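First the structure, in the form of structure tokens, and then the observations on it.
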Amino acid sequence: MGDAYIYDAIRSPRGKGRSDGSLHEVTPVKLSADLLNAMKRRNGLEGHAVEDVVWGNATQVKEQGGCLARTAVLASDLDERVPGLSINRFCASGMEAVNLAANQVKGGAGDAYIAGGVECMSRVPMGSDGAAIAVDPSVAMKAYFVPQGISADIIATEYGFSRDDADAYAVESQQRAARAWDEGRFENSIVPVSDQNGMTILDRDEHMRPDTDMQALGALSPAFKDQGEVMPGFDAVALMKYPHLERICHVHHAGNSSGIVDGAAAVLVGSKEFGEANDLVPRARIRATAKIGTDPTIMLTGPVPATERVLADGGMTIGDIDLFEVNEAFSSVVLRFMQAFGVDHGVLNVNGGAIAMGHPLGASGAIIIGTLLDEMERQNKETGLAAICVASGMGAATILERV
Amino acid sequence: MTDFSCEIHDDGVAVITWDVPGKSMNVLTREAFAALDGQVDQALADDAVKGIVITSGKESFAGGMDLNVLASIRDAAGEDPAPKLFEFVMEGHRILRNIERAGMDPKTNKGGKPVACAIPGLCAGIGTEIALACHRRFMADTPKGRIGLPEIRVGLFPGAGGTTRYSRMVGAMAAAPVLLEGKLLEPRKAKPAQLVDEVVAADELLARAKDWVLNATDADLVKPWDQKGFKLPGGAPYHPQGFMTFVGASAMINGKTKGVYPAAKALLSAVYEGALVPFDTALRIEARHFTNILLNPTSSAMIRSLFISKEALEKGARRPDASDQKVRKVGVLGAGMMGAGIAYVSARVGVDVVLVDRDQASAEGGKAHSEEILDKGIARRRVTEEEKAEVLGRILATADLEDLEGCDLIVEAVFEDPGVKADITKSAEKIAGDDCIFATNTSTLPITELAQASVRPEQFIGIHFFSPVDRMLLVEIIKGAKTGDRAVAKALDYVRQIRKTPIVVNDARFFYANRCIIPYINEGLRMVGEGMEPALVENAAKLLGFPLGPLQLVDETSIDLGVKIARATRAAMGDAYPDEAVDAVLFWMADQGRLGRKAGAGFYAYDASGKRTGLWEGLRERFGGEGNPALDEVQNRLMMVQALEAVRALEEGVLSDIREGDVGAILGWGFAPWSGGPFSWLDMTGAGRAMEICADLEARFGTRFAQPSLLSELATSGEGFYGRFGSVRNAA
């Protein structure tokens, strides 16, 4: 088996995922193609330089349907011999694209891949591709389906995180993201989105609310209480699966959950030989990858078993990891991760996360790998672990090691 | 005579009349369904016939399918019954689809003959499904008229197209009350619900239906789903609006049924999967789900207990041979909560009531209970002022025992004290005639002992009502050692009059129902004492389909009553008393002054208005431990502790018919209705597996889980309870 390395990692800024968001006017095809072009430009990827583009996307209908990966390649300046593979593991799609590419490279199936993902949530709304797990009674009942917000609240209830815990975590995420931007920590990886005239459309994450404090968050009502307790009553379903709980404590709201945004990210993954042939310096080795299925009802605890698995795959223990990125889908997801492993917040999500900057579903997994790598380099750390929770009860993780 | 007859009127309308000979209500058999099909075919082929009206020769239209038919098809199909059942169900679809298409050209939708349904009264189950296949439904405006699809109540769902047709008529959300709750609607509500198109005066029913048939146009006959561009009302599953409906429906049904009713799940799946395909494919999908439910042991057990056995018991399966013992005048001693309830249910069905208490005011207070219930009925338009006056007129509230003269049944419902009961028994018997049967409504005192106060012990019997009397469906009849056949017949005839379901048991401590309920509560208390999370105890019970968890149940019945029963049992049993662990929790609660709901404090906390706010935090502080057992262990304990008690009751001869054990458990205390009752549950589990569970539980939790020898016998022989005891007694 060979090794797989990351040569570059870039992302678009994240626009608010609403009709007044800056990227609402930009198609997912353009957002993707622009990143592919940037990747080509930055790394001199002429001709049939990469084996494939593996592109994550969680809502593959309409303009994100019809194999968006191939469409984006054709819309970009990449050689038409680069095919394009759209994949979907919900929120882990972007991470899975990187892991899949890495493992192909390790196995010798191609020297290099561009892996990443995109989600234009303002244009192709979450859930607009349907989902039998939520709608088809035969599986919805068997799997005790509840929406993610309820799942996040089950985590808070089961593992004892209060509303204040969740809010305090969110405030810190906002402050860290603001500081990271102020200090230019994302400078090397952000590719501003421009129009066909070269005019900038967006060059900075616009979902952030750096002034958020406990008082502001305290004013928000729990977002999932009604659908849990009243119509249609998802809490009753949750308690069927978690019968030792008397009731679900609803602690999550828009302020301590990830933001709905538009965005994309790409990672250049290749073998040692690829780097040598193209005169590129590897930034990190992808030491281990993992994916796992978990209870679909609590749904979002996947980062914990995925991390156990990726550590085993890498022959490491939690103490061997210097820095962590855990996707901030909801406060409780990250709080649970820190609780399970005794990880200090000081080495985790150092530059904030999706609560502050937003969570473009298909891209986020690739985004946090890039953010992790940037921070490993900034702090000159050796190892980093990225983990992400996934809808329908899954988790994924990646371990990076600097070379 | 056949069940359906067809007459072609001079105006060219073929009137097909459903009138099953020798029955008060139409129920559909397989043969009758074929006969209907033949008559429809004939009428469609007859050039002289312009259209068809299907109606009934009785006051009602139909009670539904004869559920015995379904059971017999399943039984007759042998080893692999699915194909036979599927074929039967698909044949039903073909017959009804033939009515619905009525000879129309499949392409142009033209040339069909109009078919109307004229519904004179009650219309349920397949009666409604036949009606839904017709082009227009007329219902007579009568106070007792009801229409609906109650299949879900016996563990089925509408399987003759009712699910597919009705959900396509009104949409998945609007169909829920009818399909999922099995609600029967009165005519004025049936029209907005689209179960009927027109509500007409009873004497115009047939004329109006015929009139419509004679004037209907081609377009009037075409169902929406047979037209191009049909869209499911409320949105199909992957339509934005329908999406939320279907997501919500699964959650609601899962939450409400606690996942233990397969018919509800299958129903929703049939609606969902059917909504994504053309109508005839949807019918086939419905048939596959329906076949699967017919084969599900849960639905078989529910049909057996809640329909076949229940009806058999109500019709006197256990009645000794004796002349008609219908009650004309009942004396009720004690106008407390129970006595007042007994007075009401008796007067409501036309029995004269003498309601006696120590003073006139107390007696009047008991009578006022009837007035309250009747007033609520009036508010809901279920009772008229005249009916109220009639019912109240039948109740004589008095403090004078002499008024008992002429009563042919006396029901004593005074304080649970043997001395008090003995005194009133003696006094009342002196006044009542020699023929009068004397019943006691005790829930705890042995009948044989109470009978000692009677000069006519062969006419002395226990009639144990459940609270609240007007709502609980079960009545437990207890024979004392000397109770004679006429007393049993009297009690059974009386229970039939008041439209409740009887079980007849022999005298033993706590009879049958309380004998099983008390261990259920006690097991819950033990678990709390062991340090288990109280929510797990309650949720485990609810996930078994019990209406109340053990802790909520003991709050409702009151903790001091529990203490009282425990003390009495301890006194009676001496050193053999097995429930120290229960008392450690129960007595401590009593010491804290937490006596249950009535005290506003028990295992649950309550707010000022008496509403439960949650399990009392003090429980966790006092008893809480580390970690919880797996759900199935908790559930096995809760189920087994009751089921074994039922088996012991059978072994000891307290129960003499397992049907009574099953029906009594479901109606008496809500024992997991999906299981069909404790004996059905043991059969479903298998005696061998039940033995394994018991062995494990006994080793870890004590001898109350010891296997009764009857269970080991059945495990060895491979028979189930119904295999061993069912057929013989069913034949009786």
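Quick rundown of the values:
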item: Förster radius 30 Å - calculated FRET efficiency between B:Ala481 and B:Arg358, Cβ distance, rounded to 0.05; result: 0.45
item: In the range A:117-206, the GluC sites (Glu not before Pro) that fall in loop regions by DSSP, at most 12 other Cβ within 10 Å; result: A:Glu183, A:Glu187
item: Where a label projected 7 Å from the Cα of B:Lys315 along Cα→Cβ would reach, residues of the range B:3-30 with amide N under 16 Å; result: B:20-29
item: Sparse-neighbourhood loop sites, trypsin sites (Lys or Arg not before Pro) in the range B:329-412 - DSSP loop, at most 12 other Cβ within 10 angstrom; result: B:Arg358, B:Arg380, B:Arg381, B:Arg382
item: Percent of alpha-carbon pairs separated by more than 27 Å within the range B:329-507; result: 19 percent
item: Nitroxide proxy distance, nm - points 7 Å out along Cα→Cβ at A:Lys142 and B:Glu91; result: 3.2 nm
item: Ellipticity estimate at 222 nm from DSSP helix runs (n ≥ 4, -39,500 (n - 2.57)) divided over chain A, nearest 500; result: -11000 deg cm²/dmol
item: Net lengthening on full extension, A:Met214/A:Arg247 (0.36 nm per residue, minus Cα-Cα); result: 9.4 nm
item: Two-decimal ratio, the range B:4-295, of alpha-carbon radius of gyration to 2.2 N^0.38 Å; result: 0.96
item: Long pairs among B:Lys144/B:Lys367; B:Lys110/B:Lys144; B:Lys210/B:Lys310; B:Lys110/B:Lys265; B:Lys329/B:Lys376, criterion Cα-Cα beyond 31 Å; result: B:Lys110/B:Lys144; B:Lys210/B:Lys310; B:Lys110/B:Lys265
item: Descending principal axes extents, chain B, alpha-carbon based, whole Å; result: 85, 63, 55
item: Distance (nanometres) between label positions extended 7 Å along Cα→Cβ at B:Thr2 and B:Glu59; result: 2.8 nm
item: The range B:510-732: equivalent-ellipsoid semi-axes (sqrt of 5 x gyration tensor eigenvalues, Cα, Å); result: 31, 18, 17
item: Cα-based Rg / Dmax (Å) for the range B:519-627; result: 13.4, 43
item: C-alpha center-to-center spacing [the range A:145-189, the range B:437-469] in angstrom; result: 67 Å
item: Chain B - mean residue ellipticity at 222 nm from DSSP helices (-39,500 (n - 2.57) per run, n ≥ 4, rounded to 500); result: -15000 deg cm²/dmol
item: Inter-part distance where the range B:106-122 and the range B:216-289 are each reduced to a Cα centre, Å; result: 22 Å
item: Axial C-alpha extent at least 27 Å, average Kyte-Doolittle at least -0.5 - helices from chain B (DSSP); result: B:81-101, B:631-651
item: Cα extents of the range A:213-254 along the three principal axes, largest first (Å); result: 36, 21, 12
item: Alpha carbon centroid spacing (whole Å) that separates the range A:239-267 from the range B:625-651; result: 36 Å
item: Principal semi-axes in Å for the range A:225-283 [√(5λ), Cα gyration tensor, largest first]; result: 49, 16, 10
item: Neighbour-limited loop hits for trypsin sites (Lys or Arg not before Pro), the range A:81-146 (at most 12 other Cβ within 10 Å; DSSP other than H, G, I, E, B); result: A:Arg81
item: Efficiency of FRET from Cβ geometry, A:Thr200 and A:Lys106, R₀ 51 Å, rounded to 0.05; result: 0.85
item: Spin-label proximity, B:Val420 to the range B:562-578 - amide N less than 19 Å from point 7 Å beyond Cα toward beta carbon; result: B:562-569
item: Calculated FRET value between B:Glu31 and B:Thr108, using beta carbons and R₀ = 56 Å, to 0.05; result: 0.95
item: Calculated diffusion of the protein assembly as shown, Stokes-Einstein form, Kirkwood radius summed over Cα pairs, 4 °C and 1.567 mPa s, µm²/s; result: 38 µm²/s
item: Using distinct alpha-carbon pairs, which all enter the 1/r mean, Kirkwood radius of the range B:116-275 in Å; result: 16.3 Å
item: 10 Å Cβ shell holding at most 16 others, DSSP loop, GluC sites (Glu not before Pro): longest site-free stretch of chain B; result: B:182-404
item: Positive-end residue, chain B charge dipole about Cα centroid, Cβ charges, pick of B:Thr703, B:Ala379, B:Ile130; result: B:Ile130
item: Stokes-Einstein translational diffusion, chain A - Kirkwood Rh over all Cα pairs, 0.890 mPa s, 25 °C, in µm²/s; result: 118 µm²/s
item: B:Lys326 paired with B:Ser72, simple spin-label distance in nm, labels 7 Å along Cα-to-beta-carbon; result: 3.0 nm
item: Cys with no candidate disulfide partner in chain B (beta-carbon separation under 4.7 Å rule); result: B:Cys6, B:Cys123, B:Cys407, B:Cys436, B:Cys516, B:Cys694
item: Between helix A:331-341 and chain A: long-axis angle, C-alpha atoms, 0 to 90°, nearest 10; result: 80 degrees
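Here, each number is a calculation from the coordinates, and none is a lab measurement. What you are looking at is a predicted structure, and each value in this text was computed from that prediction instead of being measured. Virtual Cβ from ideal backbone geometry, glycine too; neighbours counted across all protein chains shown.
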